[in-house]
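Just so it is clear, none of the values below were taken in a lab; they were calculated from the coordinates. Not measured: the values here are computed from a predicted model. Positions of Cβ are generated from backbone atoms using ideal geometry, with glycine treated the same way; all protein chains shown enter the neighbour counts.
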Amino acid sequence: MSEPSAPAPPPTAGRDLPGRSPAVLAAGPRVTVAPLTRADGDEFTAGARAAVGHHRPWLFPPLTAAEYASYADRLIDEEARAGFLLRERATGRIAGFVNINNIVAGAFRCGALGYGAFAHAAGRGLMSEGLALVLRHAFGPMELHRLEANVQPGNTASLALVRRAGFRYEGFSPAFLYVDGAWRDHERWAITAEMLPDPAPGPDFAEV
């Protein structure tokens, strides 16, 4: 389902290049967004291990160097994926991550979100700010039109996050994804570019 005027695949400016750190893509009052790189592995996996109790049974990010290497390869090398790290501006620490998977161009221009907060950032509003920045980037430079988040009904924190971000509930998908050894039911939430609220004014909330 493609058109001659379809947008190009997501830009590769943030791809992981040897000896070159990716630029910050967007910044809010407390959070910055940058592409995930292979060099982030040690900090990412340390944060993921510290957050196991926070993530399970909903989320299973990489915990070891080998797992992270495979994870980063997919997000960096595959055009249908993009990975972003959210960092707290005050400390520089990784607060969480947002991935856009299954990116489709053409007339669809959509992607599926995966995301998670690290334990030290949970409950502080950093994920809400970071997700808002990623949405603006996805609907701006990436030229997407729709993003979908599929959330297990018992994952109340994740459901609250997408509600705050302006996603609408679109339906219930039985046995939708294989998670933690079983096919799990999910709620389907989505947002389109037209639904995105205007950003807060001011120099501290901007694409960079």
In sequence order, what are the phi-derived ³J(HN,Hα) couplings for the stretch 92-103 according to the Karplus relation 6.51 cos²θ - 1.76 cosθ + 1.60 with θ = phi - 60°, rounded to whole Hz, with x for glycine and proline?
x, 6, 5, 8, x, 8, 9, 10, 10, 10, 6, 6
With a point put 7 Å past each Cα toward its Cβ, work out how far Asp185 is from Glu79 in nm, to one decimal.
3.9 nm
If you wrap a convex hull around the C-alpha atoms of the stretch 97-208 and split its volume per residue, what is the figure in Å³?
118 Å³
